[in-house]
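The values are calculated or read from the model by the stated rules, or taken from the named source; none is laboratory data. Because the structure is predicted, anything quoted here is derived from the model rather than measured. Positions of Cβ are backbone-derived with ideal geometry, glycine not excepted, and every protein chain shown enters the neighbour counts. To get the accessible areas, we keep the full protein, side chains included, count just its heavy atoms, and leave off ligands, DNA and RNA. Shrake-Rupley method; radii C 1.70, N 1.55, O 1.52, S 1.80 Å.
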Amino acid sequence: GIQVEQSPPDLILQEGANSTLRCNFSDSVNNLQWFHQNPWGQLINLFYIPSGTKQNGRLSATTVATERYSLLYISSSQTTDSGVYFCAFPRSNDYKLSFGAGTTVTVRA
Amino acid sequence: NAGVTQTPKFQVLKTGQSMTLQCAQDMNHNSMYWYRQDPGMGLRLIYYSASEGTTDKGEVPNGYNVSRLNKREFSLRLESAAPSQTSVYFCASTPIGAGGYTFGSGTRLTVV
């Protein structure tokens, strides 16, 4: 099956810093999504991004499906950005998601 | 608009006990899912329901059963709980199409 690798596994940021999280795939994927799990465990859907670039406030994401990766950018980080960021994609022609192991982000004031 | 509601939020079971985790969504979504999350790992799919009246196994279905009661409700049952089922359980729903995934707040289950 398709393997997914998220990097880095852990990231510590000073408030106000920018960062890039990466998701690499061993084969082409469709319907890639990014999620944020906050320190209280709530999972929030950040982006549905099968290809191209999308922006939502200080967050943006880019997927280059032909090169098998997706990037999540966090600009001017805030302490509320702390948590775990997951990329996920369906392994078949339906919408059951397979998740990467996640990147744990800690933003310090 | 409540989104996806899971009950209970916390539960402790003894080995061999049974229980049902409840999930309801009010977004008129067609598909519903049950995932589990273990420490340091991403989510793994237990069961899903592509539409009302259908259910199917995911990656880790052993020890679980599900019921899609109607379009709104999708329950997960543990018939004989085992310590290996200690986990955080998430219910999710989607409309037709791959976007729009919405998760519930999770149920933290401990089996002793």
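Consider segment B:42-62 and keep the residues that are more than 11 Å from chain A (Cβ to nearest Cβ) and closer than 23 Å to A:Ala101 by Cβ. The one that is farthest from the chain's Cα centre (by Cα) is B:Asn62. Selection within segment A:9-37: residues that are away from chain B (no Cβ under 14 Å) and of a type in the set (Val, Ile, Thr). The member of this set that is least open to solvent (accessible area, probe 1.4 Å) is A:Thr20.
Select from segment B:27-36 the residues that are more than 10 Å from chain A (Cβ to nearest Cβ) and open to solvent by 10 Å² or more (accessible area, probe 1.4 Å) and list them in ascending order.
Pass one, segment B:27-36, residues more than 10 Å from chain A (Cβ to nearest Cβ): B:27-29, B:32, B:34, B:36.
Within segment B:27-36, B:Met27, B:Asn28, B:His29, B:Arg36 qualify.
One residue stands out in segment A:71-107 among those that are of a type in the set (Gly, Ala, Ser) and within 14 Å of another protein chain (Cβ to nearest Cβ): the one that is surrounded by the fewest Cβ atoms within 10 Å (Cβ to Cβ), namely A:Ser92.
Does B:Ala24 satisfy being in contact with a strand residue (DSSP E or B) (Cβ under 7 Å, 6 or more places away or on another chain), more than 30 Å from A:Val105 (Cα to Cα), open to solvent by less than 10 Å² (accessible area, probe 1.4 Å) and small (Gly, Ala, Ser)? No, not satisfied. Considering only segment A:42-51, I want to know if a residue exists there that is free of Cβ contacts under 8 Å to residues at least 40 places away in the same chain, part of a loop (DSSP other than H, G, I, E, B), away from chain B (no Cβ under 14 Å) and more than 25 Å from B:Pro39 (Cβ to Cβ). Among the residues of segment A:42-51, not one is free of Cβ contacts under 8 Å to residues at least 40 places away in the same chain, part of a loop (DSSP other than H, G, I, E, B), away from chain B (no Cβ under 14 Å) and more than 25 Å from B:Pro39 (Cβ to Cβ), which makes the answer no. Among the residues making up segment A:1-18, those that are charged (D, E, K, R) and either farther than 14 Å from B:Gly40 by Cα or at pLDDT below 95 (or both) are A:Glu5, A:Glu15. For segment A:52-68, the set of residues classified as over 20 Å from A:Ser82 (Cα atoms) and either aliphatic (A, V, I, L, M) or surrounded by 14 or more Cβ atoms within 10 Å (Cβ to Cβ) (or both) consists of A:Lys54, A:Thr62, A:Thr63, A:Val64, A:Ala65, A:Arg68, listed by residue number. If you filter segment B:74-112 down to residues that are surrounded by 16 or more Cβ atoms within 10 Å (Cβ to Cβ) and away from chain A (no Cβ under 14 Å), you find that the one that is farthest from B:Met32 (Cα to Cα) is B:Val111. In the set (1) free of Cβ contacts under 8 Å to residues at least 40 places away in the same chain; (2) within 10 Å of the chain's Cα centre (by Cα), B:Phe74 fails one condition alone, (1).
Listed by position, the strands (runs of 3 or more DSSP E) enclosed by segment B:36-112 that each have at least 2 residues that are in contact with an Asp or Glu (Cβ under 7 Å, 6 or more places away or on another chain) are B:43-49, B:64-68. In summary, B:Pro39 fulfils each of the numbered conditions (1) more than 14 Å from chain A (Cβ to nearest Cβ); (2) of a type outside the set (Phe, Trp, Tyr); (3) surrounded by fewer than 16 Cβ atoms within 10 Å (Cβ to Cβ) with the single exception of condition (1).
Could you grab me the full set of residues in segment A:54-100 that are farther than 23 Å from A:Ala17 by Cβ, of a type outside the set (Asp, Glu) and in a loop (DSSP other than H, G, I, E, B)? Those that are farther than 23 Å from A:Ala17 by Cβ, of a type outside the set (Asp, Glu) and in a loop (DSSP other than H, G, I, E, B): A:Arg68, A:Arg91, A:Ser92, A:Asn93, A:Tyr95, A:Lys96.
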